[in-house]
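What follows is a short report on a single structure.
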Amino acid sequence: APEMTVDGRGLLRLVWHAKVDSERRLYSATSADSGETLSKAIEIPTPAGSSAYPATDVTADGTVFVVWQQANEEVFVTALPAAGGQQARR
């Protein structure tokens, strides 16, 4: 299930996990038009092993914090800088 945030400028950011090869990895994409188009998905850097169950929150400046469960049941957090200017695709 994807997680979604919308910042004060209306920029939507999706974060989800997907299985690639044998491990789940985290990905993110943005939309500046209410989800009509999405940027190219980018992989969020995570430690080795399966990454799953992301949860997100956004700050006033557009920074998105992502917290997730890593394979060994540790919990990690990272910050994604405010997005902008990414090329949209359908």
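The values are calculated or read from the model by the stated rules, or taken from the named source; none is laboratory data. Predicted, not measured: the structure shown is a model, and the values here were computed from it. Positions of Cβ are generated from backbone atoms using ideal geometry, with glycine treated the same way; all protein chains shown enter the neighbour counts. Ligands, DNA and RNA are excluded from the accessible area calculation, which covers all protein heavy atoms including side chains. Shrake-Rupley method; radii C 1.70, N 1.55, O 1.52, S 1.80 Å.
Give the residue that is surrounded by the fewest Cβ atoms within 10 Å (Cβ to Cβ), with candidates limited to residues of segment 55-69 that are among the hydroxyl-bearing types (Ser, Thr, Tyr) and modelled with pLDDT under 95.
Thr59
Which residue pairs have Cβ atoms closer than 7 Å, lie 6 or more positions apart in sequence or on different chains, and pair a first residue in segment 73-90 that is farther than 24 Å from Ala60 by Cα and open to solvent by 60 Å² or more (accessible area, probe 1.4 Å) with a second residue that is assigned to a loop (DSSP other than H, G, I, E, B) and modelled with pLDDT of 60 or more?
Arg89/Thr37; Arg89/Lys40; Arg90/Thr37
Mind listing whichever residues of segment 5-34 are open to solvent by less than 40 Å² (accessible area, probe 1.4 Å) and among the small types (Gly, Ala, Ser)?
Scanning segment 5-34 gives Gly10, Ala18, Ser28, Ala29, Ser31.
If Ala52 meets every condition in (1) small (Gly, Ala, Ser); (2) open to solvent by 40 Å² or more (accessible area, probe 1.4 Å); (3) within 14 Å of the chain's Cα centre (by Cα) apart from one, which number is that one?
(2)
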